[in-house]
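Structure first, commentary second.
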Amino acid sequence: MTGYPRWIVVPAALGAAFVLVPLVAIVAKVDWPRFGELVTSPDSRTALTLSLQTSLAATAVCIVLGVPLGVVLARSRSRFVGVLRPLVLLPLVLPPVVGGIALLYAFGRRGLVGQYGGIGGHIAFTTVAVVLAQAFVALPFLVLAVEGALRTLGTDFEHTAATLGAPPSVVLRRVTLPLVLPSIASGVVLTFARALGEFGATLTFAGSLAGTTRTLPLEIYLRNETDPQAAVALSLVLLAAAAVIVSGVYGVRAWRR
């Protein structure tokens, strides 16, 4: 027994082909003799370095904010949580350009927050704006990972620690977080991947200033108009990074087992 009817293999194969064919097309289109030259040009290296720096910074922001948020969503019994959860997860389904506009009207020069103390003049269209845009779209991935892991774990271990006299902070630090650490690691990896590939919100909120806000996805978009071969080569770099990240996530899950 295979556990599924034979006919289901056909649509499954079509689904796999639908995903794999475009990826193979990128690899087939690469100008391999010039690949090194294309991906190591000054503009490409600057964009790649900026992407890595901002993605790491955005991931750090997501860890600081997302792990506590996931814990609260999983453990709080407040009615407010029922309203907060869909709002926090909204960036998952929100068009990135809409997220960028929302950030602009929140932290821009005349934004809801940015209009006070000149904050907006120091955020929008700067590297900080790139980090905020990436964190905004990536945060839900980590929140979901933490909340899902905690709900699956249950509260038995925490209750046991509490009955033995451990205060809530100790229970969180010594019991809860270590038990869901693999899930947090998976969430962090996915968060970094989402931040690395962010395009729409970054373009809208931070613009495309070379060396300041032009991340690798933006560089690829611009290169596709002027130098398609460079765009393909840089796309392969992001594709390889994504493959490594996905492999890392599955490696963490295998470690959990």
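The values are calculated or read from the model by the stated rules, or taken from the named source; none is laboratory data. The structure presented is a predicted model; accordingly, all values stated were derived computationally and were not measured. Don't worry about glycine lacking a Cβ; one is built from the backbone with ideal geometry, like all the others, and counts go over all protein chains shown.
When GLY66 is tested against (1) modelled with pLDDT of 95 or more; (2) more than 21 Å from ALA193 (Cβ to Cβ); (3) not hydrophobic (A, V, I, L, M, F, W, C), just one condition goes unmet, and that condition is (2). The set of residues in segment 162-202 that are surrounded by 20 or more Cβ atoms within 10 Å (Cβ to Cβ) and more than 9 Å from the chain's Cα centre (by Cα) comprises THR176, VAL180, SER183, ILE184, SER186, ALA201, THR202. Scoring ARG77 on the criteria (1) part of a helix (DSSP H, G or I); (2) free of Cβ contacts under 8 Å to residues at least 60 places away in the same chain leaves a single failure, condition (1). Considering segment 133-172, and only residues there that are assigned to a helix (DSSP H, G or I), free of Cβ contacts under 8 Å to residues at least 12 places away in the same chain and not acidic (Asp, Glu), the residue that is farthest from LEU92 (Cα to Cα) turns out to be THR163.
For ARG45, the conditions (1) of a type in the set (Lys, Arg); (2) surrounded by fewer than 10 Cβ atoms within 10 Å (Cβ to Cβ); (3) within 22 Å of LEU218 (Cα to Cα) are fulfilled apart from (2).
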